[in-house]
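Working notes, structure below.
The values are calculated or read from the model by the stated rules, or taken from the named source; none is laboratory data. What you see is a predicted model, and the numbers here were worked out from it, not measured in a lab. All Cβ positions, even for glycine, are placed from backbone atoms using ideal geometry, and neighbour counts span all protein chains on display. Surface areas here come from the heavy atoms of the whole protein model, side chains and all, with no ligands, DNA or RNA. Shrake-Rupley method; radii C 1.70, N 1.55, O 1.52, S 1.80 Å.
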Amino acid sequence: GIEFIDSYVFNKAEYIRFNSTVGRYVGYTEHGVKNAEAWNKGPQLGQEQAELERFCKPNAALHYRAILDKT
């Protein structure tokens, strides 16, 4: 399977992450936890899931075929 991770970093510290395996945002700082709660209820969650379908899955299939073609 594919795992899509979208990390948000501020001052070199990750504070929130969308992980497609988990299926939601997870916060790693106090501010990140608050944002994760809000983003999981808002349009941001659907946008991340759409990005997985729109970009990640088709491109993963192309890369996988290219790897198979080389073997």
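Looking only at residues in region 20-38 that are of a type in the set (S, T, N, Q) and over 17 Å from Glu51 (Cα atoms), which one is most open to solvent (accessible area, probe 1.4 Å)?
Thr29
Find all pairs meeting these conditions: Cβ atoms under 7 angstrom apart; at least six residues apart or on different chains; first residue within region 1-25 and without any contact (Cβ under 8 Å) to a residue 40 or more places away in the chain and more than 24 Å from Tyr64 (Cα to Cα); second residue loosely packed, with under 15 Cβ neighbours inside 10 Å and among the small types (Gly, Ala, Ser).
Glu14/Ser7; Arg17/Ser7
If Glu48 satisfies all but one of (1) over 10 Å from the mean Cα position of the chain (by Cα); (2) in contact (Cβ under 8 Å) with a residue 24 or more places away in the chain; (3) surrounded by 14 or more Cβ atoms within 10 Å (Cβ to Cβ), what's the number of the condition it fails?
In the conditions (1) over 10 Å from the mean Cα position of the chain (by Cα); (2) in contact (Cβ under 8 Å) with a residue 24 or more places away in the chain; (3) surrounded by 14 or more Cβ atoms within 10 Å (Cβ to Cβ), Glu48 misses (1) alone.
Looking at region 33-44, I want the residues that are closer than 15 Å to Gly23 by Cβ and part of a helix (DSSP H, G or I) and have a partner that is open to solvent by less than 90 Å² (accessible area, probe 1.4 Å) and of a type in the set (Val, Ile, Thr) with Cβ atoms under 8 Å, at least 6 apart or on another chain. Which pairs are those?
Final answer for the pair search is Ala36/Ile16; Ala36/Val26; Trp39/Ile16.
Of everything in region 17-56, what is among the charged types (D, E, K, R) and under 9 Å from Phe4 (Cβ atoms)? Give them in sequence order.
Glu48, Glu51 - these are the residues of region 17-56 that are among the charged types (D, E, K, R) and under 9 Å from Phe4 (Cβ atoms).
Filter region 1-19 for residues that are in a loop (DSSP other than H, G, I, E, B) and at pLDDT 90 or above; which is least open to solvent (accessible area, probe 1.4 Å)?
Filtering region 1-19 for residues that are in a loop (DSSP other than H, G, I, E, B) and at pLDDT 90 or above, the one least open to solvent (accessible area, probe 1.4 Å) comes out as Asn11.
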